[in-house]
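Coordinate-derived values only; no laboratory data. The structure presented is a predicted model; accordingly, all values stated were derived computationally and were not measured. Cβ coordinates were reconstructed from backbone atoms using ideal geometry, including for glycine residues, and neighbour counts include every protein chain displayed.
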Amino acid sequence: MSTTDSRTARHGLARTLSKRGVCSRSEAARWIAASRVSVSGRVVRDPEFPVTATAHIEIDGAPLQQAAPIHLVLNKPRGLVTTTSDEQGRDTVYRCFDGSGLPWIAPVGRLDKASEGLLLFCNDPQWAALVTDPGTGPDKTYRVQVDAIPDPGLLAALVEGIDDDGERLRAKSALLLRAGTRNAWLEIVLDEGRNRQIRRLLAAFDVGVLRLLRVAIGGLALGELPKGGWRLLTDAEIAALARPARP
């Protein structure tokens, strides 16, 4: 699309606010419904109202500004859900940012409640789309404690994959790191994330997950970041994660 086309293309108002990095699309819809948003001096109450990139938008009477981009990594603790708010009242990952003064940020991908480790956040939808692209996005590396002692045949089967509910679930690689008498630790690498993929894949072979940690996305490793701690990404890390990992 040419520069001229991109400036005249129209998108829904809620989507536009989200892409400016000021709030989530659902939060934008609430602001619009509450008559807090105006376009060219007129209050708009329709979240799908079409606007261009150059439209004059105000929130509570103040001109909408493009939020400064923020990209960070969190060491997600177990027991938190990856959502902005939870209907069941459970603690969310945003508890880790209490008192930080950060503007609105959204998770880049997800970790389920029982999982922990590296979780990215940003207010940059274009960057997030590159990182989570199933075809070219970076690999994700996990350490998985299981309630069995996997043999080479099982490891090969995890890479071969299974069909589950119409989805092909497979690991890019699966290695045995260490084994005890009753359980073992695996390193599993995924090149395409699906909901609860590792748990579903192992369950197909009657193997239960005792602990699951994401330790790396592409070349970005969790390192010594404490549980519940976060840090901003460097410019080099931001660029590397957005760079296509696969042709």
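Note on region 186-247 and region 127-169: Cα centroid distance 10 Å, given to the nearest whole angstrom. If R0 equals 41 Å, the separation of the Cβ atoms of Leu210 and Arg30 corresponds to a calculated FRET efficiency of about 0.55. With both labels modelled 7 Å from their Cα along Cα-to-Cβ, the Ala156 to Asp60 distance reads 6.3 nm. In this simple spin-label approximation, Arg182 and Arg45 carry label points 7 Å from Cα along the Cα→Cβ vector, and these lie 6.2 nm apart. Evaluate E = 1/(1 + (r/R0)^6) for Arg196 and Phe97, where r is the Cβ-Cβ distance and R0 equals 22 Å; express this FRET efficiency to the nearest 0.05. Taking R0 as 22 Å, the efficiency between Arg196 and Phe97 is 0.35.
In order along region 193-199, phi translates into HN-Hα couplings of x, 10, 4, 6, 4, 5, 4 Hz, rounded to whole numbers, per the Karplus curve 6.51 cos²θ - 1.76 cosθ + 1.60 with θ = phi - 60° and x for Gly and Pro. Among beta bridges identified by DSSP and lying wholly in the chain, the antiparallel ones come to about 95 percent.
By the Cα gyration tensor, the chain has an equivalent ellipsoid whose semi-axes, rounded to whole angstrom, run 39, 19, 17 from largest to smallest. Here the Karplus relation 6.51 cos²θ - 1.76 cosθ + 1.60, evaluated at θ = phi - 60°, turns the backbone of region 34-48 into coupling constants of 8, 6, 8, 10, 10, 10, 6, x, 10, 5, 10, 10, 9, x, 9 Hz, with x for every Gly and Pro.
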